[in-house]
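Okay, handing you the structure first.
The values are calculated or read from the model by the stated rules, or taken from the named source; none is laboratory data. These numbers were taken from a predicted model, which means no experiment stands behind them. Ideal geometry is used to build each Cβ from the backbone, glycine not excepted, and the neighbour counts take in all protein chains shown.
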Amino acid sequence: MRHTLSVLVEDEPGVLSRVAGLFSGRGFNITSLNVAPTLEKGTSLMTIVTEGDEQIIEQIIKQLRKLITVIKVVDMNSVKRVEREMVLLKVNAQDHYRAEILRIVDIFRCKVVDVSSTEMTIEATGNSEKLSALINLLQKFGIKEIARTGVVAMKRSMQLV
Amino acid sequence: MKMKGAKILLECLKDEGVEVIFGFPGGAVLDIYHELPNYPFKHVLVRHEQGAVHAADGYARATGRVGVALVTSGPGATNTVTGIATAYMDSIPIVVFTGQVPRALIGNDAFQEVDIVGITRPCTKHNYLVKDETQLPRIIKEAFYIARSGRPGPVLVDLPKDVMASTIEFTGYPKSVHLRSYNPHYHPNQKQIKKAAGLIFESKRPLIIVGGGLISSSGCEELLWLARKLKIPVTSTLMGLGAFPGNDPLWLGMLGMHGTYVANMAVNHADLIIAIGIRFDDRVTGRLDSFAPKAKIIHIDIDPTSIRKNVNVDIPIVADCKEALIALKNEIEGYIKEEEDLSERYQSWRDKLDAWNESHPLTYKKSDEVIKPQFVIEKLYELTGGDAIITTEVGQNQMWAAQHFKYLKPRTLLTSGGLGTMGYGFPAAIGAQIAYPDKTVIDIAGDGSIQMNIQELATAVWYNLPVNIVILNNSYLGMVRQWQELFYHKNYSATHLSYNPDFVKLAEAYGAEGYRATRPDEVEKVLVKALNSKKTCVVDMVVEKEENVYPMVPAGASLSEMLLV
Ligand SMILES: Cc1cc2nc3c(=O)[nH]c(=O)nc-3n(C[C@H](O)[C@H](O)[C@H](O)COP(=O)(O)OP(=O)(O)OC[C@H]3O[C@@H](n4cnc5c(N)ncnc54)[C@H](O)[C@@H]3O)c2cc1C
Ligand SMILES: Cc1ncc(C[n+]2csc(CCOP(=O)(O)OP(=O)(O)O)c2C)c(N)n1
């Protein structure tokens, strides 16, 4: 099963390699990884999307907690959460495609952030399913480039069961 | 007070209580070596950095204190990697200081530069590159704290040369450590302890398995109480040998791949396993789906990652073994009625185990013609009365040492279990002998393994260490040959040591004493000479060439599928 882990770490030079090395060394998967500073000086938040059965996920979480530079690990699957990912897509946009592309942009509530006579760059945000659907739809025009941020996640304020 | 970085390092080590440093110098650590003679440390100059780390590790295993090694950058640092990985796999507390090129040159492929922090990240508990000289005291304090606390392990501190050479303000060695993200959990959850005690009293066929974690927690007295009070039979992993006296009637011998018949049968038939400080290694469990099929499992371990890593457990207790055993004792005392005769409790279970032990004892085919390696180990036990520190190399020698010597006290068997490092035993023996100059220290070796760190003979002789190396010389890489015999149609590819040096002459060339025995009736005589000698001794025991270690559970088989003699 797919799990999203929020990992709060000390922001020191080797920390990314400690976490990445743990995954590669123990044969765990990383589907996506996002790292950025938090409001607290000296710490960063990593959001890791990984894949595995219950026992593997349990090991991953325990192994992460064991790293001296890891402060806190939350399995976001165990809470109500908001998950978002952003993608930039450069698609072929010859005149006869434009209207249809713009319709899709509208439906998916994304933005055109750059345009030329033959291409459009689209910025989209959403959960992974939404982005996959968008990418699928745009595929037929020809996607020239793609850049995704990887998932970030946040616990919802209301944790209704 | 203003001080040079190198001096600050040594001041900190002094305050840390370090007494011995195993090391080997080089350019990047010259500042440290320049200051070293002004300090009260015993510095042991080895002949190879791998030897320094194994010696620090042997010192740590024998004493329970943190072992310290000091080496230079580049090749000095890379030579420590096997030693560090060995300590890591067996959870042994050591701190390794490596020299590094000056900060300004890091990343430039400078002379003797290597990213040792990167290289050792996966085989240290934690490691540091000291980038800011003002952080040096804090880092040293943390390094020792991390190495020894919780699940112990090796910590490496990389010291750029200019950090050691610069002069800075030193305000003293920190008194305490503040690590926000590292708080080992020593105290057991009382609810789990209650459940565990309940299970013990419900069970009909309980079995205690102890491991290296019990030794590291110094909880062996508490184990004695539990086992003897309730008369529960005890087995142990290789790493747990010595945690429970090997001459106690409740002792079943080691379990696992080369464990005793009775210990493995006990695992198969137990209805409750109390696992204390073990990590359920594949050499211990055999095929996982048939491990302990009838048993509920209580697992005490300080490291949550050890729990449910390989084996599902019913009652996990994340705690220090000693603390957990104390809590368990308090709980169990409440269950015991005063007039109750506890010795009756598991009597029929113990009778069953005794019967297995009698029908399939640990044994071997004896001989009057050739020296049987097992016989040598038995003699060593007889001659020392078990009052010795045994280290081993890796292979058959190690397994015979595990099976045929009776370990009576914790920290008397020092062996590389997890990594299985040939060449470990001799430098580890040096470390142990440095810690206990008056104890008998014996490295039980193979003719293959001993050649991996034989250069340390110079170290042992120079420091007058009466270490005994007993080589079970079978002219083979015996353990590998055994696997070839059993599973590769006797195709002895690259395992015959068709050329070996004359170990007696080699010993003498180094200034040690060399002895040889080729017949069973010479064994005792030669061992007595070596054990009574105050010098470093090498005993070349020319043993049966194709002897196998039995019992044996083939890799991947279940514990009940033992090959016997
Ligand atoms: C050739 C060869 C053959 C081998 N054959 C066998 C065999 O037949 N049988 C066998 O048993 N082994 C055998 N081994 C050794 C095996 O590979 C493992 O090293 C060994 O089984 C591990 O022992 P352990 O479970 O006690 O773990 P250790 O490696 O000693 O780990 C200790 C455990 O205790 C925990 N711990 C540490 N400190 C504490 C504390 N204070 N409180 C609580 N918990 C703590 C740790 O987290 C860890 O989980 C063999 C090795 C070799 C090289
Ligand atoms: C450094 C290292 N290299 C290779 C091995 C693989 N190995 C395991 S046991 C063994 C044979 C050891 O031979 P020897 O020291 O003569 O001991 P014996 O088994 O004959 O007692 C080998 C090569 C190892 N454990 N360590």
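Quick check: is even one residue across region B:461-483 free of Cβ contacts under 8 Å to residues at least 12 places away in the same chain and within 14 Å of ligand 2 (Cβ to nearest atom)?
Taking region B:461-483 as the starting set, the residues that turn out to be free of Cβ contacts under 8 Å to residues at least 12 places away in the same chain are B:483.
Okay, now just the ones that are also within 14 Å of ligand 2 (Cβ to nearest atom), so B:483.
Scanning region B:461-483 turns up at least one residue that is free of Cβ contacts under 8 Å to residues at least 12 places away in the same chain and within 14 Å of ligand 2 (Cβ to nearest atom).
Something else now. Scan region B:340-392 residue by residue and report those that are in contact with a helix residue (DSSP H, G or I) (Cβ under 9 Å, 6 or more places away or on another chain), under 29 Å from B:ALA62 (Cα atoms) and not β-branched (Val, Ile, Thr).
Selection gives B:LEU362, B:LYS372, B:PRO373, B:GLN374, B:PHE375, B:GLU378, B:LYS379, B:LEU380, B:TYR381, B:GLU382, B:LEU383, B:ALA388.
Also: Looking only at region B:409-424, filter to residues that are of a type in the set (A, V, I, L, M, F, W, C) and in a loop (DSSP other than H, G, I, E, B); which one of those is nearest to ligand 2 (Cβ to nearest atom)?
B:MET422
Among the helices (runs of 4 or more DSSP H) contained in region A:44-157, which hold 3 or more residues that are away from every other protein chain (no Cβ under 14 Å)?
On the way: elements: A:54-66, A:95-107, A:128-138.
The qualifying helices (runs of 4 or more DSSP H) are A:95-107, A:128-138.
Every residue, every condition in (1) of a type in the set (Val, Ile, Thr); (2) more than 16 Å from ligand 2 (Cβ to nearest atom); (3) surrounded by fewer than 24 Cβ atoms within 10 Å (Cβ to Cβ), yes or no:
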{"residue": "B:LYS352", "(1), (2), (3)": "no, yes, yes"}
{"residue": "B:TYR407", "(1), (2), (3)": "no, yes, no"}
{"residue": "B:VAL441", "(1), (2), (3)": "yes, yes, no"}
{"residue": "B:ILE444", "(1), (2), (3)": "yes, no, no"}
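Surrounded by fewer than 21 Cβ atoms within 10 Å (Cβ to Cβ), aromatic (Phe, Trp, Tyr) and at pLDDT 95 or above - does that describe any residue in region B:101-118?
Scanning region B:101-118 turns up at least one residue that is surrounded by fewer than 21 Cβ atoms within 10 Å (Cβ to Cβ), aromatic (Phe, Trp, Tyr) and at pLDDT 95 or above.
A follow-up question, please. Return the residues of region B:369-397 that are closer than 20 Å to B:LEU408 by Cβ, away from ligand 2 (no atom under 13 Å from the Cβ) and assigned to a helix (DSSP H, G or I); say none if nothing qualifies.
B:GLU378, B:LYS379, B:LEU380, B:TYR381, B:GLU382, B:LEU383, B:THR384 - these are the residues of region B:369-397 that are closer than 20 Å to B:LEU408 by Cβ, away from ligand 2 (no atom under 13 Å from the Cβ) and assigned to a helix (DSSP H, G or I).
With the condition kept exactly as written, say whether any residue in region B:274-290 is farther than 19 Å from B:ILE200 by Cβ, more than 9 Å from ligand 1 (Cβ to nearest atom) and aromatic (Phe, Trp, Tyr).
No, that holds for no residue.
Hey, does region B:106-113 have a residue that's in contact with a Leu (Cβ under 8 Å, 6 or more places away or on another chain), outside any helix (DSSP H, G or I), more than 14 Å from chain A (Cβ to nearest Cβ) and of a type in the set (Phe, Trp, Tyr)?
No.
Only residues that are in contact with a His (Cβ under 7 Å, 6 or more places away or on another chain) and either more than 9 Å from ligand 1 (Cβ to nearest atom) or within 19 Å of B:LEU559 (Cα to Cα) (or both): list them for region B:291-314, please.
B:LYS294, B:VAL313
Oh, and also: Restricting attention to region A:85-104, and to residues there that are out of contact with any helix residue (DSSP H, G or I) (no Cβ under 9 Å at 6 or more places or on another chain) and surrounded by 15 or more Cβ atoms within 10 Å (Cβ to Cβ), which single residue is nearest to B:ASN127 (Cα to Cα)? Step through it out loud before you land on a result.
Narrowing region A:85-104 to residues out of contact with any helix residue (DSSP H, G or I) (no Cβ under 9 Å at 6 or more places or on another chain): A:88, A:90, A:95-96, A:98-99, A:102-103.
Filter once more, keeping what is surrounded by 15 or more Cβ atoms within 10 Å (Cβ to Cβ): A:88, A:90.
Values: A:LEU88: 38, A:LYS90: 43 Å.
It comes out as A:LEU88.
Yes or no, residue by residue, for (1) more than 16 Å from ligand 1 (Cβ to nearest atom); (2) surrounded by 16 or more Cβ atoms within 10 Å (Cβ to Cβ); (3) farther than 27 Å from B:MET254 by Cα; (4) of a type outside the set (Lys, Arg):
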{"site": "B:TYR510", "(1), (2), (3), (4)": "yes, yes, yes, yes"}
{"site": "B:ARG516", "(1), (2), (3), (4)": "yes, yes, yes, no"}
{"site": "B:VAL528", "(1), (2), (3), (4)": "yes, no, yes, yes"}
{"site": "B:VAL538", "(1), (2), (3), (4)": "yes, yes, yes, yes"}
{"site": "B:VAL543", "(1), (2), (3), (4)": "yes, yes, no, yes"}
{"site": "B:GLY556", "(1), (2), (3), (4)": "no, no, no, yes"}
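Which condition does B:VAL504 not pass, out of (1) within 16 Å of ligand 1 (Cβ to nearest atom); (2) hydrophobic (A, V, I, L, M, F, W, C); (3) touching a Lys or Arg at 6+ places or on another chain (Cβ under 7 Å), if it passes all the others?
Only one criterion in (1) within 16 Å of ligand 1 (Cβ to nearest atom); (2) hydrophobic (A, V, I, L, M, F, W, C); (3) touching a Lys or Arg at 6+ places or on another chain (Cβ under 7 Å) is unmet by B:VAL504, namely (1).
Ok, one more. Of all residues in region B:409-439 being charged (D, E, K, R) and touching a residue at least 40 places away in the same chain (Cβ under 8 Å), which is surrounded by the most Cβ atoms within 10 Å (Cβ to Cβ)?
Applying the first criterion (charged (D, E, K, R)) to region B:409-439 yields B:409, B:411, B:438-439.
From what is left, the residues that are touching a residue at least 40 places away in the same chain (Cβ under 8 Å) are B:409, B:411, B:439.
Working: B:LYS409: 16, B:ARG411: 21, B:LYS439: 16.
Filtering first and then ranking leaves B:ARG411.
Might you check whether a residue that is charged (D, E, K, R), under 24 Å from B:MET479 (Cα atoms), within 15 Å of ligand 1 (Cβ to nearest atom) and away from every other protein chain (no Cβ under 14 Å) occurs anywhere in region B:393-414? Even if it seems obvious, please write down each step before you answer.
Kept after step one, since they are charged (D, E, K, R), are these residues of region B:393-414: B:393, B:406, B:409, B:411.
Now restrict to residues that are under 24 Å from B:MET479 (Cα atoms): B:393, B:406.
If we keep only those that are within 15 Å of ligand 1 (Cβ to nearest atom) as well, we get B:393.
Within this subset, residues satisfying the condition of being away from every other protein chain (no Cβ under 14 Å) are B:393.
Yes; the residues of region B:393-414 include at least one that is charged (D, E, K, R), under 24 Å from B:MET479 (Cα atoms), within 15 Å of ligand 1 (Cβ to nearest atom) and away from every other protein chain (no Cβ under 14 Å).
For region A:17-43, how many residues are touching a strand residue (DSSP E or B) at 6+ places or on another chain (Cβ under 9 Å), loosely packed, with under 14 Cβ neighbours inside 10 Å and more than 12 Å from chain B (Cβ to nearest Cβ)?
The qualifying residues number 3.
Return the pair list, or none, for Cβ contacts closer than 6 Å from residues in region B:267-287 that are closer than 14 Å to B:ASP90 by Cα to residues that are assigned to a strand (DSSP E or B), at least 6 apart or on different chains.
B:ILE278/B:ILE209
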